[in-house]
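S.K.: Quick one: this structure, given as structure tokens, is what I'll be asking you about.
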Amino acid sequence: MGFLDRAKKLAEQAKGVADQARDAAEAALEDARAGSTTSAGGTAGAAAAADRRTGTSYVPGMLGRPGWRERGLTDPAAVLPIAERDRAGVAHTTRSEVIEEPFGMGRRWKAGGRAVGLYYQLYPEHVAWQPPGGASPVTGLTGASQATLSDGRALAFLGEGDRRVVLETDGIDDAARSDLVHAVRDQLSAG
């Protein structure tokens, strides 16, 4: 039984590494497609439909004003790794949607009753936005805070240098949410 457990653990680790590599390759492909589409005079709709497996492709200005790509920031899909979303119960096959919330611009993945999102706070109104019930510190993470909205979504506010992000979760248990917060913090610290 020990051998099978080790083999299973190694297979899970290999799957996680492969998922992250695929995610990075898909993000690079999405960047290349968006760049070639916009330089060739294509439309936002054509780029958005380019690869339906990876979710909504980001097209510069698609939210009505510059987003993370125009600011040279890493795609939210890479800051919130696919393997971490999968472990939290949002399957790696879940496609994202590109959206803007009062607290930031980013991506959200929904699967069944679960959802995770990662948003950059790019504009003054994103940074100035405060949760109606206020926020409390995240234990063990300096400068991080958290809040729960009236609709049940949980938000974690994280920053590294001039990069400020909001992790949104819905239908995710506390342990998985904590893992996601730490994974995002690690990605921000690494990049």
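S.K.: Can you give me the Cα centroid spacing of the stretch 146-174 and the stretch 93-132 in angstrom?
M.R.: After rounding, the separation between the Cα centres reads 9 Å.
S.K.: Gain in length, Q130 to D173, computed as 0.36 nm per residue apart minus the alpha-carbon separation, to one decimal in nm?
M.R.: Working: separation 43, 0.36 × 43 = 15.48 nm, distance 2.32 nm.
Residue separation times 0.36 nm, minus the Cα-Cα distance, leaves 13.2 nm.
S.K.: Can you tally the net charge around R163? Count Lys and Arg as +1, Asp and Glu as -1, for every other residue whose Cβ sits under 15 Å from the Cβ of R163. Mind dumping the intermediate values first?
M.R.: Details: positive: R69, R71, R164, R185; negative: E70, D75, E160, D162, D186.
Residues close to R163 contribute a combined charge of -1.
S.K.: Ranked highest first by average number of other Cβ atoms within 10 Å, how do 104-115, 144-155, 122-133, 177-188 line up? Spell out each step's value before the answer.
M.R.: Working: 104-115: 20.4, 144-155: 14.8, 122-133: 13.3, 177-188: 18.8.
Top to bottom by mean Cβ count within 10 Å: 104-115, 177-188, 144-155, 122-133.
Rule-based calculations on the coordinates, nothing more; no lab input. This is a predicted model, so every value here is computed, not measured. Please note: Cβ atoms are built from the backbone with ideal geometry, for glycine as well, and neighbour counts cover all protein chains shown.
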